[in-house]
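Peer 1: Pasting a structure below so you can have a look.
Nothing in this text is a laboratory measurement; each read-out follows from the coordinates by a stated rule. Not measured: the values here are computed from a predicted model. Positions of Cβ are generated from backbone atoms using ideal geometry, with glycine treated the same way; all protein chains shown enter the neighbour counts.
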Amino acid sequence: METPPEDPLAPFSDDVKRWFSASFEGATPAQALGWQSISSGTDTLICAPTGSGKTLASFLWGIDQLARTRLSVAKGEIPEPEPGVRLVYVSPLKALSYDIERNLRAPLRGIGVDLSVGIRTGDTSQTERNRMRREPPEILITTPESLYLMISSGARDILTGVETVIVDEIHA
């Protein structure tokens, strides 16, 4: 087994470090090892028990990168990216999608970044789907079925800028 880094928060921005340190006693092994791999740009599989912080481990680096991009745009260091989804979270169940969206509020609020979050499931109305195509969220929470429908339709255009894909619950 790999050894967790001495400071698992080292790759994160100061805002993320501040929020995490104020919210948690420390990183779990799943988080520390996950962030070490994810922050190096490596495709990462996190396999750990329920309650070990896997979801936050997978989301936090993506949130940090989106927040850094926002800051760089605000400072005029880089141009505004094209509108579109940057992070996709694939949830095995539509009910879990709503829980994930609710659980994202704390880190987004705590870090102080206003990222748009959208949910697309089989329950999403046609009106909302159309709005999402016109004004895509930066973070999209969806199910495998809905992602398939997006990819096989004109909605795939909003996915061309995706930088991070998180797949929850991979089963054999």
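Peer 1: Asp99 versus Arg68, label points 7 Å from Cα toward the beta carbon: distance in nm?
Peer 2: It is 3.1 nm.
Peer 1: Now, a different point. Run the numbers for Glu25 and Thr127: contour at 0.36 nm per residue of separation, minus the present Cα-Cα distance, in nm.
Peer 2: On the way: separation 102, 0.36 × 102 = 36.72 nm, distance 4.28 nm.
That pair, Glu25 and Thr127, stretches by 32.4 nm at full extension.
Peer 1: So which residue, out of Lys17, Lys75, Lys54, gets the largest mean-square fluctuation from a GNM of the chain using Cα contacts under 10 Å as springs?
Peer 2: Lys75
Peer 1: State to the nearest 20 debye the size of the charge dipole of the chain about its Cα centre, where the only charges are +1 on K and R beta carbons and -1 on D and E beta carbons.
Peer 2: Numbers: 17 positive and 23 negative charges, 98 e Å.
My answer is approximately 480 debye.
Peer 1: Right, here's the next one. Is the C-alpha gyration tensor of the chain telling us rounded, prolate or oblate? Criteria: a/c under 1.5 is rounded; beyond that, a/b larger than b/c is prolate, otherwise oblate.
Peer 2: Details: a/c = 1.87, a/b = 1.31, b/c = 1.43.
Oblate, because a/c is 1.5 or more while a/b does not exceed b/c.
Peer 1: Label-point separation (nm) for Asp7 and Thr50, each offset 7 Å from Cα along Cα-to-Cβ?
Peer 2: Each label point is offset 7 Å from its Cα along the Cβ direction, giving 3.6 nm.
Peer 1: Quick check on segment 33-124: take the gyration tensor over C-alpha atoms, sort the square-rooted eigenvalues as a ≥ b ≥ c, and tell me if it's rounded (a/c under 1.5), prolate or oblate. Display every interim value, and only then the final one.
Peer 2: Values: a/c = 1.86, a/b = 1.27, b/c = 1.47.
Oblate, because a/c is 1.5 or more while a/b does not exceed b/c.
Peer 1: Something else now. Cut-off under 24 Å on the C-alpha distance; same-chain residues fewer than 8 positions from Lys17 excluded. Which lysines are left, in chain and number order?
Peer 2: Filter leaves Lys54, Lys75.
Peer 1: Return the FRET efficiency for the residue pair Ser152, Ser40: r is the Cβ-Cβ distance, R0 is 35 Å, and the value is rounded to the nearest 0.05. Mind dumping the intermediate values first?
Peer 2: Numbers: r = 33 Å, r/R0 = 0.93.
Step by step, r from the Cβ atoms, then E = 0.60.
Peer 1: Figure the gain on full extension for Val167 and Glu135 (residue separation times 0.36 nm, minus the Cα-Cα span) and round it to one decimal in nm. Write out the running numbers ahead of the final one.
Peer 2: Details: separation 32, 0.36 × 32 = 11.52 nm, distance 2.34 nm.
Length difference between fully extended and current span is 9.2 nm.
Peer 1: Does anyone have the angle between helix 94-111 and the longest principal axis of the chain? Alpha-carbon axes, 0 to 90°, nearest 10?
Peer 2: Tilt of helix 94-111: around 50 degrees.
Peer 1: With just the Cα atoms of segment 43-94, tell me how far they stretch along each of the three principal axes, in Å, largest first.
Peer 2: Largest first, segment 43-94 extends 43, 21, 19 Å along its Cα principal axes.
Peer 1: Related question: How far is helix 29-39 tilted off the main Cα axis of the chain, in degrees rounded to 10, range 0 to 90?
Peer 2: Between the helix axis and the principal axis of the chain, the angle is about 60 degrees.
Peer 1: Looking at Ile151, Thr127, Gly76, which one has the Cα that reaches farthest to the positive end of the dipole of segment 14-167 (charges on Cβ: Lys, Arg +1; Asp, Glu -1)?
Peer 2: Toward the positive end, the furthest listed residue is Thr127.
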